[in-house]
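What follows is calculated from the coordinates using simple rules that are stated; it is not laboratory data. This structure is a prediction, so every number in the text was calculated from the model and none was measured. All Cβ positions, glycine included, derive from the backbone under ideal geometry; neighbour counts span all protein chains shown.
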Amino acid sequence: MLLEVDLITNYMKEKLKIPENYQTVMPYLIIKDAQKFIEFMQKVFNAEETYKVMRDENTIMHGEIMIGGSTIMFADSTEQFNVRNAGLFIYVEDADVTFKKAIDAGATVINKMADQNYGRSGGVQDPFGNDWWITSVKKE
């Protein structure tokens, strides 16, 4: 089954000519204070800023970060483009450590860390209104 998914994914990337480091589906967040969002993502998830275009000296028109092999696109909200938040599920090596980093960086708790049938998981809301379900794979 996994081989079939890889074949389909590769076929779609080639057929659609999806650029390197992009996926078939990527979140696009419109947030208040996108520069601080980048800093939060770097502190909590070790995100890499890969692209940024400024509308003016204080407003990000379009930005991109990568976490692992996944790209998140974002922009500062404007009068024309209102805030659009998301709920995001993220696998990390150690959910407890990452959860604490998120809280220390200004996130608020939605669900405390707990063992689930799929792994260790907890929910936070970042200072920009996005919900993150921080999860580590269940240890065997």
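P(r) tail for the range 36-140, what percent of Cα pairs lie past 21 Å?
For the range 36-140, the share of Cα pairs beyond 21 Å comes to 36 percent.
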task: Calculate the length of the line joining the C-alpha centroid of the range 73-100 to that of the range 38-55, in whole Å.
output: 11 Å
query: Under 13 Å from the 7 Å Cα→Cβ point of ASN21, by amide nitrogen: which residues of the range 30-59?
result: 47-53
